[in-house]
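Just so you know, all these numbers are worked out from the coordinates, no wet-lab data involved. Just so it is clear, the model here is predicted, and its values are computed rather than measured. As a convention, Cβ positions derive from the backbone with ideal geometry for all residues, glycine included, and neighbour counts pool all protein chains shown.
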Amino acid sequence: MALLELKKVSKNFDGLTAVNKVDIDIEEGEIVGVIGPNGAGKSTLFNVINGFFAPSQGEILFKGEQIGGLRPDQIAGKGIARAFQQSTLFMEATAFENVYTGFHLSYKTGLIKQFLHTASIRREQKEIKKKSMEILEFMGLGALHNEVAKNLPHGHQRILCMCIALAAEPKLLLLDEPVTGMNPSEKQTCKELIRQLRDVWGITVAIVEHDMKVVMNLCDRIVVLNYGQKIAEGLPEEIKNNKSVIAFYLGSGGLQDAA
């Protein structure tokens, strides 16, 4: 059984079909890329998976359980987290405070106990502080934990977004264009971190990305969308040589760039 199963998933907006009967299986431990031209439905597909949009049709199964139509917080609680295309940071807060805030879904003590600052909430806060620092250290931001987010370089801000998503302790992490705006060195660091999340922490990753070098060098398998439909799926080398993908998306120049 795949970790995530999409069965004939569609999403319609007032007669416009943004995602059209898409089938995708993501196995535990994979890094799967979702590519396609602008407007292909990639981000919409992620929005359907993590509950921002309810599917118009089809089934979404996570660990065998139907999750289509659940709220984003319910889906996050089941083990799916997302780092967004745009930086969603508390810019006036420190890196540590951003990640600490990201743990709000895993609070187990009630509001009254939090208000009274009981022993149980003090223990929980101590544990969350420890986990926040562990995430920052693992992602290479430990030395910058007291730096205000707005003062971090763009590449570090993007990685901090991933840190916040990791605070949900996901089994599946959805990354929406994680290397956007990064320089080559930052892109290499980000690729290595994503691999480490899979290899060391056991997190399965699905990634939407336009940078073909990153996709081809990072992903185990690639799914290609065009006008909301899946037109190809396979290993990076298979996708790079797929005639339909070349015609609709990569083109001769794209293939050279992805080499």
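Numbers for the structure displayed
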read-out: Surface/4 of the Cα convex hull for region 30-92, nm²; value: 5.8
read-out: Value of relative contact order over region 1-86, rounded to a whole percent, pairs C-alpha under 8 Å and six or more apart; value: 32
read-out: Relative contact order for the chain, counting Cα pairs under 8 Å that sit 6 or more residues apart, in percent; value: 26
read-out: Long-range amide H partners of Gln229 with built H, under 5 Å; value: Asn20
read-out: Pairs beyond 32 Å (Cα-Cα), from Lys150/Lys243; Lys21/Lys243; Lys129/Lys191; Lys130/Lys191; Lys11/Lys171; value: Lys150/Lys243
read-out: Residues whose placed amide H lies under 5 Å from that of Phe53, excluding near-sequence neighbours; value: Val48
read-out: Between 0 and 90°, nearest 10: helix 119-138 axis offset from the chain longest Cα axis; value: 40
read-out: On Cα atoms only, tilt of 154-166 relative to the major axis of the chain in degrees; value: 70
read-out: Computed lengthening from Tyr227 to Met91, 0.36 nm per intervening residue step minus Cα-Cα distance; value: 45.4 nm
read-out: Among Ile80, Pro178, Val215 - extreme Cα towards positive end, dipole of the chain, charges at beta-carbon; value: Ile80
read-out: Euclidean distance between Cα centres, region 50-79 to region 156-180, Å; value: 19
read-out: Per-selection Rg to Rh, the chain - Cα, Kirkwood hydrodynamic radius; value: 0.99
read-out: Per-residue HN-Hα couplings for region 37-49 [Karplus 6.51, -1.76, 1.60; θ = phi - 60°; Hz; x = Gly/Pro]; value: x, 4, x, 6, x, 5, 5, 4, 4, 4, 4, 6, 4
read-out: Per-residue [θ]222 nm for the chain (sum of -39500 (n - 2.57) over DSSP H runs n ≥ 4, rounded to 500); value: -11000 deg cm²/dmol
read-out: Cβ-defined net charge surrounding Ala143, 15 Å radius [Lys, Arg +1; Asp, Glu -1]; value: -3
read-out: Protection proxy ranking, peptides 151-158, 162-169, average beta carbon neighbours within 10 Å, highest first; value: 162-169, 151-158
read-out: Sites Lys129 and Gln188 - FRET efficiency at Förster radius 41 Å, r taken between beta-carbons, to 0.05; value: 0.85
read-out: Positive minus negative residues near Lys7 (Lys, Arg vs Asp, Glu; Cβ under 10 Å); value: -2
